[in-house]
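What follows is a single structure, written as structure tokens, with notes after it.
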Amino acid sequence: MADKLTRRRFLDYGARASAAAATAFYVNPRPALASKSALEKLNIAAIGTANRAAADISGCASQNIVALVDIDANFLEAAAMKYQGARKYRDFRVMLEKESENIDAVIVGTPDHTHAPAAAMAMRMGKHTYCEKPLTHTVYEARRLAELAAENQVVTQMGNQIHASDNYRRVVEIVESGVIGPVREVHVWVGVQYDGGTLTTNVPKPANVDWDLWLGPTRKREYVESTIKGEHQTVHPFHWRWFWEYGNGGLGDFGCHYMDLAHWALNLKHPTRISATGPEPHAEAATAGIVVNYDYPARGDLPPVKMSWYDGGKKPEMLSSYKDRQGKPLDWGNGQLFVGEKGALISDYGKHLLLPQEKAEQFTVPEPYLAKSIGHHNEWIEAIKTGGKTTCNFDYAGALTEAVLLAVASYRTGETIEWDAKSFKATNSPRAQQLLHKEYREGWTL
């Protein structure tokens with residue numbers, strides 16, 4: 001039976017969480033249904049059909065797209081024209097019930113606040129699940145989806161497509177191999193500007209939008225649009241990202257992309273301390289210019305790590321100390337900086353450099369040893385058919401998402417969080433603990 005999410009049940013969770021819920025939660029997923037061979041196509045349902053969701057469907061279009069769900073009639077019709085024969089639905093709950101015997105796997109590409117209910121229902125029905133980043137809207141949801149993936153032995157993948165890039169793999173190889181020595185410090189920065197905004201009521205709802213279904217598990221309210229930096233914007237389909245009730249600002253949108261590389265290369269999982277600072281928090285909307293400091297414990301022979309996040313144009317001060325080969329200040333946009341005992345490595349989505357540049361030839365780099373990705377979506381499809389393992393399964397992605405969203409809780413409360421992952425508790429901050437999950441309205445379950 002699906003979990004009915006109540007405040008009491010959530011608060012009880014921290015008290016009863018076991019070690020198994022906090023440690024590696026991966027078990028070998030079961031192969032695809034017995035009727036499927038490696039050469040047969042999967043039957044896939046897509047929840048969400050436009051924008052990022054459209055790219056996810058396209059990434060899986062080598063298989064059979066048999067059902068489409070969208071609360072926006074215009075988006076749904078456009079997708080149906082491309083994937084003719086796919087059955088159309090407005091409510092993912094109805095689709096999953098009706099299509100239970102017809103589908104092998106589900107893609108979730110909705111706004112953040114609906115990720116967990118959709119993914120949880122799919123996994124409870126034994127469906128392999130691909131869900132966009134961040135995996136969930138709350139810390140508790142991330143933990144619960146990792147548990148459900150293990151309990152139901154389904155193949156999962158979070159939509160963190162940059163994880164499949166050659167550049168990310170090369171950075172992991174260099175850091176893992178000790179080229180720059182033990183790493184105790186890493187910096188991650190993104191110039192994204194999700195900065196303030198207000199929700200506006202008394203605006204006409206477009207006829208193509210089923211607003212009640214768009215709200216999903218969040219509180220019932222009349223249709224809203226927004227004002228951001230003095231300009232009118234619709235909340236659906238994009239600007240929900242600015243508002244805490246539906247998204248998590250810059251951290252939610254880019255944290256899983258950029259912190260992913262640090263988590264992967266340094267084998268990070270659960271931080272023990274999270275401290276976020278920035279402009280005065282808005283009650284309703286995210287702000288830019290946030291700095292987060294994380295403490296991660298030692299992992300085997302690997303030393304403790306301090307990781308820092310910066311957004312809204314902020315960057316680590318030490319970045320200015322590095323020069324290019326001409327001796328000029330290093331010109332670098334968004335990125336990650338790994339600081340080791342022997343040197344440093346700076347990276348972004350598509351490139352990386354060993355630092356200091358004038359000594360780059362003195363570093364001995366390993367031959368590539370990580371297999372080249374067949375594509376982020378194809379990894380998921382192949383793992384379903386072969387009983388293999390994906391690189392962003394919900395065990396890995398759940399812990400990454402937890403770390404990202406713990407920073408949101410720290411920022412919104414203005415409190416440093418001492419985090420006990422095993423017991424799922426902010427041991428020093430009852431206020432932060434309250435932000436680790438939310439009430440679901442009637443009719444929605446996890």
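Condition first: in contact with a helix residue (DSSP H, G or I) (Cβ under 7 Å, 6 or more places away or on another chain) and in a helix (DSSP H, G or I). Now tell me which residues in segment 92-127 satisfy that.
If the condition is that a residue be in contact with a helix residue (DSSP H, G or I) (Cβ under 7 Å, 6 or more places away or on another chain) and in a helix (DSSP H, G or I), then F92, R93, L96, D112, A116, A118, A119, A120, M121, A122, M123, R124 are the ones that fit.
Can you tell me which residue within segment 231-241, out of those that are in contact (Cβ under 8 Å) with a residue 60 or more places away in the chain and assigned to a loop (DSSP other than H, G, I, E, B), is surrounded by the most Cβ atoms within 10 Å (Cβ to Cβ)?
H236
Please tell me if E379 is in a helix (DSSP H, G or I), farther than 30 Å from L213 by Cα and under 21 Å from the mean Cα position of the chain (by Cα).
Yes, satisfied.
Could you pull out the residue among T390, T401 that is touching a Pro at 6+ places or on another chain (Cβ under 7 Å), crowded, with 22+ Cβ neighbours inside 10 Å and either at pLDDT below 95 or not aliphatic (A, V, I, L, M) (or both)?
Unique residue meeting the criteria: T401.
Only one residue in E141, E151 is assigned by TED's automatic domain parsing to the domain that holds I65, surrounded by fewer than 24 Cβ atoms within 10 Å (Cβ to Cβ) and part of a helix (DSSP H, G or I), so which one is that?
Matching residue, one of E141, E151: E151.
Would you confirm, using the coordinates I've provided, whether A20 is part of a helix (DSSP H, G or I), more than 28 Å from K438 (Cα to Cα) and either within 23 Å of the chain's Cα centre (by Cα) or at pLDDT below 95 (or both)?
Judged against the criteria, A20 is not a match.
Just one of the numbered conditions (1) farther than 16 Å from M158 by Cα; (2) surrounded by 14 or more Cβ atoms within 10 Å (Cβ to Cβ) is not true of L39; which one?
With (1) farther than 16 Å from M158 by Cα; (2) surrounded by 14 or more Cβ atoms within 10 Å (Cβ to Cβ) applied to L39, the lone miss is (2).
Being part of a helix (DSSP H, G or I) and of a type in the set (G, A, S) is the filter here; which residues of segment 416-436 pass it?
If the condition is that a residue be part of a helix (DSSP H, G or I) and of a type in the set (G, A, S), then A432 is the only one that fits.
So for segment 189-198 (the condition being assigned to a strand (DSSP E or B), at pLDDT 95 or above and aromatic (F, W, Y)), does at least one residue qualify?
Yes, segment 189-198 has at least one match.
Give just the number: which of (1) β-branched (V, I, T); (2) at pLDDT below 95; (3) within 30 Å of M318 (Cβ to Cβ) does I174 not satisfy?
Evaluating I174 over (1) β-branched (V, I, T); (2) at pLDDT below 95; (3) within 30 Å of M318 (Cβ to Cβ) leaves (2) as the failure.
Only residues in segment 210-230 that are within 23 Å of H437 (Cα to Cα) count as the first member; pair them with residues that are surrounded by 14 or more Cβ atoms within 10 Å (Cβ to Cβ) and among the aromatic types (F, W, Y), Cβ under 7 angstrom, at least 6 apart or cross-chain, and list the lot.
W211/Y223; G216/W444; P217/Y440; P217/W444; T218/Y246
Restricting attention to segment 63-76, report how many residues are in contact with a Pro (Cβ under 9 Å, 6 or more places away or on another chain) and buried (at least 19 other Cβ atoms within 10 Å of the Cβ).
Adding up the residues that qualify gives 2.
Residue under question is P329, and the condition is that it be out of contact with any Cys (no Cβ under 8 Å at 6 or more places or on another chain) and at pLDDT below 95; does it hold?
Taking the combined requirement at face value, the residue satisfies it.
Suppose the filter is crowded, with 20+ Cβ neighbours inside 10 Å, at negative phi and assigned to a strand (DSSP E or B); does A79 pass it?
no
Starting from residues that are of a type in the set (S, T, N, Q) and at pLDDT 95 or above, keep the ones in segment 332-363 and report whichever is farthest from P279 (Cα to Cα).
The extreme case among them is S347.
The values are calculated or read from the model by the stated rules, or taken from the named source; none is laboratory data. Since the model is a prediction, treat every value here as computed from it, not as a measurement. Ideal geometry is used to build each Cβ from the backbone, glycine not excepted, and the neighbour counts take in all protein chains shown.
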